[in-house]
1. Anything in chain B that counts as a DSSP H helix reaching 30 Å or more along its axis (C-alpha) with Kyte-Doolittle mean of at least 1.0? List them, would you?
2. Looking at this model, which pairs from B:K123/B:K617; A:K50/B:K396; A:K50/B:K35 are more than 28 angstrom apart at the alpha-carbon?
3. How well do other chains shield peptide B:27-36, expressed as the mean number of their Cβ atoms within 10 Å of each residue Cβ?
4. As an exercise, use a Förster radius of 45 Å and the Cβ-Cβ distance of B:I799 and B:L8 to find the FRET efficiency, rounded to the nearest 0.05.
5. Between B:L886 and B:Q121, what's the calculated FRET efficiency when r is the beta-carbon distance and R0 is 51 Å? Round to 0.05.
6. Relative contact order for chain B: what percent, with Cα pairs under 8 Å and sequence separation of 6 or more?
7. Which is farthest toward the positive dipole end of region B:1-118 among B:N40, B:H110, B:Q62, measuring Cα position about the Cα centre, with Cβ charges +1 (Lys, Arg) and -1 (Asp, Glu)?
8. Under the definition of partner shielding as Cβ atoms of other protein chains within 10 Å of a residue Cβ, what is the mean value for peptide A:64-70?
Amino acid sequence: MQPLHGVLEMLVLRTLARQPLHGYGIAKAIHLASTESIGIEFGSLYPALKRLELKGWVASAWDTSDEGRRAKYYRLTATGRKKLNQEHAEWQEFASAVERIMGPVPEES
Amino acid sequence: MFWWRRLLHLLPWVRRAADRDIDEELAALQDIAGKGALGNVTLAAEDARGVGRWLWLERLGQDLRYAGRSARHNKGFTALVVLTMALAIGANTAIFTFTDSVLLRPLPVHDPAALVVMKWQAKSYTLSRTISWSTGGSSQNDAGVLSSSFPYPAMRVFRESTDVLSAAFCYATVERLSFASRNDTESVKGHYVSGDYFAGMGIAPLEGRLLQPADDDVAPAAVVVLSEPFSRRRFGSPEAAVGQSVRIDNKPFEVVGVTPPEFFGAEPGSVPDLYLPLQARRIVEAPARLDAMFESDHYYWTDVMARLQPGVDRAQAERVLAERFHAYVAGTATTDAERADLPRLALESGRTGLDGLERKYAQPIYALTVMVGLILLIACANVANLLLARAVSRRKEIAIRLGIGAGRSRLIRQLLTESLLLSLAGGVLGLAIAWWGSHALADILASGRPHFTMHAELNWTVLGVAAALSMATGLLFGLVPALQATRVDIVPALKDARGGDNVIGRRLRVGPVLIALQVALSVPLIVAAGLFGRTLSNLNAIDVGFNRDNVLLFSVRPSVLGYTGPALGRLYEDLREQLTSLPGVQAVSLSSRPFPMGGGSSVAVEIEGPTPVTPPKDARGYGPSAVIASVGPDFFKTMAMPMSAGRDLTPGDSTSAPRVVVVNRHLAGLFGLENPVGRTLLFSNTRFEIVGLVDDAVAFSLTENRFPVMYLSYLQTIDRGQASAWSAPSRMTYEVRASGNPMLLAPAVRDLIRRADPNLALHDLTSQATHIDQAITREIALATLGTMLALLALVMSCIGLYGMVSFNVSRRRKDIGIRMALGAPAGRIVRSTAREVLAQVMVGLVAGLAISVFAVRSLDSLLYGIEPHDPMTIAAAAAALLTCGLVSTFIPARRAAHVDPVRAVAQD
């Protein structure tokens, strides 16, 4: 399952809210957190990350990983956190609205 | 958002650093994730690079650099295209500048959109409605009479309509007033304006104050407001003018203020030197007549403008006011005929002021706009053809770029960038041409007219139009070639250069279409060139009926100094005698107006006794009418008008002598008289003895048909007062025939007049030849302009046609070579090639003639002495184009037929 366009950015923000990660780390984290039901193409994730960086919601810096490898790490900025909270609320509202419409799985007739 | 980051990315080194960073980051991630885990990394990097950049701007930069390089490499091509576009855009912009200043630009006043001009429309003039011709004027149209002159009492109707109008004001123009200050007298043009005029216009004074309602009282204030240019010319500066005591028509006035420099009254094209209160006419002119003017419901003389109340639109105000005006004129009607044809009020937009200039120039402007529009289209067709030809020579380059994966849209964009760059360069150069052109145009049109000002200058509207023209033409002439050029079959184009060419040729057959189009567009322009050429030669060959050379003209108005009756006659005759005795003067006479008179009156005449022909009478029982000219002794000698019988007028033809008249041949001919000398002519219940017969000469205007004219001795009209149609001339024009250049007499004449009476102003000092030229300045200027534009179009279309035809022929060199190699004789090849191209020329010619029939109709107003559908001119235009087509076909076809077949076939 591929997340929708705006949703992907939301997921990235949510993931980075826990801890700074590098690009591949973010993809893995989302995959794990969704109990392996959401797979993210790196090809879509990476440009999204750059877009978020341009908007100033995430910031990046070169760092060394626990395994001693150099990589660019992304972290949430203050603006990003504010944005995330806002998106969070909106998402909740949206999801419950969809849930109300969809309801339980309909019976085949 | 974060646009500054985007801006930063436009800097090449910032962009390169960012790109490097992305590459490093992705390399590091690949190390961590292992090969293949990240999918297509190159694509991800490419997408990421696009984030936060104005890619289109970067690509535009690339395209521009590329276009600049290719323009530099093809200098001849670039110069040709830029020059073609510059001429076409320049011509269009110059004409638009003209349109803008005459038809479009709002008056430089407060909220010009709320201004309205009052007009009325009626089926015919009625006798009790006297309309003054000196003001805004009236014109005859299909529905009868349309006029902007109103009687003064009608102002009450408008002033009291405060429910729809926030202001209503009026004015009247006077062409000549004498203005004296510091012992220097000159002739000026003035406006009499109502006291609320400046407030209604909504302008503020530059210096001092403007006129106020209190100035415009039945007992008017003797105050005057000057225009900025006049105050500067006369007093050095606007500040210095305020407070000056001056004499206007020899009456004392005080300068109280100066209008802002951009204000030119209500009529574009005429700048008054000064503004007087409307009622100050009572000070300047004879009061008895003035009371009648201000109180009469039948004397129509003021122009009326008004300002709409906020929220009221023109149609609404018209409904309300038309009803009230109807009630007013219904009350003034005196006869049943008048009651049946009451003037109906109409409100026109006053945004651009009064439409005097518009009436005069609107038709010519539309005609000129059509012409320059066609020129622009021809230029576009020419340039499109050049680009098409170049696209053929670039097909290999384009095929390679398509082959290595360039997108077609990207290529089209790049080709369009090139054509836009060319047309913008043409536009910039065109603006320079337009700037020069519009000044030249204004100079030509203003030549010799002191009060004519064409505010033709470049402004943002004009710049915007030039820019829009450049962009539109760039797209127009660039799009088709770009679409064609990129529609290449890559493989054949790369393998065999000719292949791509043939593909282009066969797919759309744009070439032949362009040829036919070019010819079709050219026909009307060449027809126009012919018509304008003929008009110019007709205008220059006008026979005025007298010798226009070596005559000095000037006018005096002694009546403003209080001369009347016998004293007035004595002054005129004294001056005439003194002028005659000046050295270098051959003869002197005078007339109520200089010839051609520009206007005047005509009356019904009869000849006593039996005549060979009895002229038919009109419905109201009037016989033929003749133009009245009041002239002095020796008039025909001075003007060198040939007399076929009788004698010239003499000083003896005075009040005490029997009344005499000299008639022209036209008038005598109406009664079938060979020699009418000795007969008696009757008009206005007065008998005149015919003492001379003179050949026909111009009377009112140069471009008219000849009128019947009768010349009266002014000395016999001088005591008749104001009542009659041939009353005392309060103003006379002297004609002074010199033995050489008449203008050399000017200082001596000025000196003589000053000695006779220092307060007497000299008006309109000029030569007879200049006066005649001025009468047709507009016609000559417009015909010259039209000829120039048409010649430009002719040259452009011939060059274009030659280029197109020869390009099409030379593209077939390979076919021709093959046919030659197979044994076809050269002559047959030339003929068959020519036949094909000529067929296209003929198609264009037929279409063009059809266009001409409609297009040249718009030129009617610019032509003189020739019909727009003159068959000779149309035939000559067709022949010229056909010749041009033949020459441009045969030369390249012959060259192709005489080339070595082997080389033609092998040619790349």
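Just so you know, all these numbers are worked out from the coordinates, no wet-lab data involved. Keep in mind the model is a prediction, meaning the values are calculated, not measured. With ideal geometry, Cβ positions are generated from the backbone for all residues, glycine too; neighbour counts draw on all protein chains shown.
1. B:75-99, B:356-393, B:460-485, B:510-540, B:777-810, B:826-855, B:871-897
2. The pairs that break the limit, which is 28 Å between Cα atoms, are A:K50/B:K396.
3. 4
4. Rounded to the nearest 0.05, the efficiency is 0.40.
5. Once the sixth-power term is evaluated, E becomes 0.40.
6. On the way: 1626 pairs, mean separation 129.6, N = 908.
Worked out over chain B, it gives 14 percent.
7. Projecting each Cα onto the dipole axis, the largest value belongs to B:Q62.
8. That works out to 2 on average.
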